[in-house]
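To start, the structure itself, in structure tokens.
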Amino acid sequence: MAVALKTWTALGTSVHVITTRDDGLEPAITAVRKVLEDVDAAYSRFRKDSELTRLNANAGRTSQVSPLLATAIEAALRAARLTNGAVDPTIGRAIRLAGYDDDFSRIAAGGPHPALPPGGREIVLRAQLVPGWQAVRLNRRSGTVWLPPGVELDLGSTGKALAADLAAAAAMTAACDGGVLISLGGDIATAGEPPLGGWRILVAEDSRVSPSGDGDVICVPAGGVATSSTTVRRWSRGGELLHHIIDPKTSLPTAGPFRTVTVVAPTCLDANTATTAAIVHGEAAIEWLNSWRLPARLVENDGTIHYIGRWPDPSSVAA
């Protein structure tokens, strides 16, 4: 099994770094911290000085962006294309109006944020009139992005998963040998040689728990694992209980039959793209996931569990 673990908080979520070699932990931690600092500066929606904030403020005009932000936007647009718009980065205004307008750790603690005005739900609904992801223009060669007037990008559906993949790659380079597992609030990426029997990963609705904890576990040899849930990032506004997964067709939090979806994929980015899209697809989630041919675990609102594809057998976990 993995022999070294470090946990801290960054990007408003829990960070877990696990290495198979004890002497690889500190170099891996240093590399991961640097990646997360760069990610925070590039595409945090909650920092007034982030590149993404400046880009959104410059909607309607062409903006020069860093390679990291360009990569993050490219990943978000790819997710939108692969999911036929179920995962859409242009829901920034909708999610802000729904109340997710600050780092979630402050929202969960009851921190101040603008009150939902009378008729607030209708205001959220009007966000659907903003042009979708197809109207975003990204030029990787020139390093420029153009957003239509009024569009606000939110990279939450893909950005954290991308950060996990980038952090795992950087940690593996720094650690030089063995294997690494990175978890950013339940978005899990691995790199290098896995422990004997594979990476033992806890599948849980609460993303704050350690991926190596006890409970419903699976073993994977490589790749990424992601879980999307409507039960953790929840808040109340205007007397309504809301969550952070927005249906681009309505600009409102989803109201489908599944509260949690977990997917295993070659990368964390692909896994999280699939889990988010499945929550948005609602009743059609199982059929849609089957078309992707990715192992998945879905939990209905009443607790009923469905397994899709070749879901890893928990009994394969080494004692």
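Yes/no per residue for (1) in contact with a His (Cβ under 7 Å, 6 or more places away or on another chain); (2) buried (at least 19 other Cβ atoms within 10 Å of the Cβ):
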site: Pro253; (1), (2): yes, yes
site: Phe258; (1), (2): no, yes
site: Pro266; (1), (2): no, no
site: Val280; (1), (2): no, yes
site: Ala285; (1), (2): no, yes
site: Leu289; (1), (2): no, yes
site: Ala296; (1), (2): no, yes
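On inspection, Ala271 passes the criterion of being within 20 Å of Leu184 (Cβ to Cβ), buried (at least 19 other Cβ atoms within 10 Å of the Cβ), out of contact with any Cys (no Cβ under 8 Å at 6 or more places or on another chain) and in contact (Cβ under 8 Å) with a residue 60 or more places away in the chain. Answer yes or no: is there a residue in segment 301-315 that is touching a helix residue (DSSP H, G or I) at 6+ places or on another chain (Cβ under 6 Å) and of a type in the set (Gly, Ala, Ser). No, segment 301-315 has no match at all.
Looking for whichever is among the hydroxyl-bearing types (Ser, Thr, Tyr), crowded, with 21+ Cβ neighbours inside 10 Å and part of a helix (DSSP H, G or I) here; the options are Thr30, Thr90, Thr53, Thr71. Which one fits? First the steps, then the outcome.
Values: Thr30 fails: crowded, with 21+ Cβ neighbours inside 10 Å; Thr53 fails: crowded, with 21+ Cβ neighbours inside 10 Å; Thr71 fails: crowded, with 21+ Cβ neighbours inside 10 Å.
Only one candidate passes the filter, namely Thr90.
Identify the residue in segment 129-187 that is touching a Phe, Trp or Tyr at 6+ places or on another chain (Cβ under 7 Å) and not in a loop (DSSP other than H, G, I, E, B) and, among all such residues, is nearest to Thr19 (Cα to Cα). The selected residue is Leu181. When segment 34-64 is filtered for residues that are farther than 25 Å from Val17 by Cα, in contact with an Asp or Glu (Cβ under 6 Å, 6 or more places away or on another chain) and among the hydrophobic types (A, V, I, L, M, F, W, C), nothing remains. Leu82 passes every criterion in (1) under 26 Å from Ala170 (Cα atoms); (2) modelled with pLDDT of 95 or more; (3) of a type outside the set (Phe, Trp, Tyr); (4) within 20 Å of the chain's Cα centre (by Cα) apart from (1).
The values are calculated or read from the model by the stated rules, or taken from the named source; none is laboratory data. Note that the structure is a prediction, hence the values are computed from the model and not measured. Neighbour counts are summed over all protein chains in view; Cβ atoms, including those assigned to glycine, are modelled from backbone coordinates with ideal geometry.
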